[in-house]
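As structure tokens, the structure follows; a few thoughts come after it.
We did not get these values from a lab; they are worked out from the coordinates using the rules stated. For clarity, every value in this text was computed on a predicted model and none was experimentally measured. Neighbour counts run over all protein chains shown; Cβ positions are idealised from the backbone, glycine included.
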Amino acid sequence: MASTTTPSRGSAASAPAGAAGAGRPLAAVRVPASSLRSELRAVKIVWRRELIRFTKDRLRIITSLVQPFLFLFVLGTGLSRLAGAGTHGVNLRTFVYPGVLCMSVMFIAIFSAASIVWDREFGFLREMMVAPVRRSSLVIGKCLGGATVAGFEGVILIVLSPLVGVPYVPILILEIFCLQLLVAFAITAFGVMAAARVKQMQSFMALTQMLIMPMYFLSGALFPVSGLPQWLTLLNRIDPLTYAVDPMRRAVFAHLHISAAARRVLDPGVTWWGWHLPGLLEAGVVAALGAVMLAIAIFEFSRIE
């Protein structure tokens with residue numbers, strides 16, 4: 001009796017699959033060609049992600065307003081009695097308002113840039129880097145997103161400006177809004193530039209605090225820059241934040257009815273070898289520094305593997 005061999009179930013199932021797979025072409029992976037439209041779409045996606053992350057975190061929105069309120073209403077009110085004679089009748093809260101606005105925008109922008117370090121630790125940054133777009137688009141989108149988030153916080157303080165003696169004037173509101181957006185973009189670019197090389201959140205926060213706090217206190221945000229010692233005047237002039245606080249304060253004082261003595265003491269302006277810098281040039285200095293830091297950030301991210 002002849003024996004019959006029955007093929008096993010696994011070999012019977014694998015034979016047709018192997019035959020079919022041998023003749024079937026593999027699906028090709030098509031990478032879209034780079035174009036201006038795709039790059040702008042990448043910028044928009046990264047920018048929108050920053051806004052979504054900010055709006056979803058209500059605790060971050062509330063806590064980011066605590067420090068400006070402390071400086072503006074608690075510190076400003078407390079020191080106004082002590083500094084009443086030196087301000088020539090000007091409310092100290094009005095004087096520190098531009099500096100507090102810059103501080104609020106500055107810290108929000110730094111915290112927005114710090115999310116890059118988190119993205120690196122959790123692996124999301126690697127996924128962004130392998131996307132078929134230029135890394136410059138990712139950096140620009142990140143900086144625009146940080147500037148928008150910080151600008152939103154600045155708008156809240158602008159709404160509260162009458163509480164500290166700053167009037168609602170359309171030109172003044174527009175000038176303050178544009179200046180704080182410019183500061184936010186420059187600080188975010190600085191943070192992104194720093195985050196390109198720092199791999200731990202603790203190191204990033206220590207680095208930024210070491211640089212940001214001296215910049216803030218040397219900028220004249222909380223004290224007049226007239227009559228300073230020579231060494232402090234030199235530090236004030238090389239501080240980039242000086243060229244953001246001064247035009248903002250100049251815009252505020254231009255719409256206040258104060259004496260010439262008060263204006264001379266509290267709003268002396270920034271001088272280079274005796275020449276008073278126009279406010280537009282000071283804003284240009286901030287914009288130029290922001291552009292330089294953005295270029296460095298793009299260069300650093302292009303080197304990351």
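Could you put 39, 50 in order, starting from the residue whose Cβ has the fewest other Cβ atoms within 10 Å? List each step's numbers first, then the result.
Values: 39 17, 50 22.
So the ranking, lowest neighbour count to highest, is 39, 50.
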- Once phi is turned into ³J(HN,Hα) by the Karplus curve 6.51 cos²θ - 1.76 cosθ + 1.60 with θ = phi - 60°, what whole-Hz value does each residue of region 178-191 show in order, with x for glycine and proline? 5, 5, 6, 5, 5, 5, 4, 5, 5, 5, 5, 4, 4, x
- Label-point separation in nm, residue 303 to residue 281, each point 7 Å along Cα→Cβ: 3.4
- Task: Using 0.36 nm per residue of separation minus the Cα-Cα distance, give me the extension gain between residue 177 and residue 211 in nm, one decimal.
- Result: 9.8 nm
- Would you mind computing, in nm to one decimal, how far apart the modelled labels at residue 271 and residue 292 are, each placed 7 Å from Cα along Cα→Cβ? 2.5
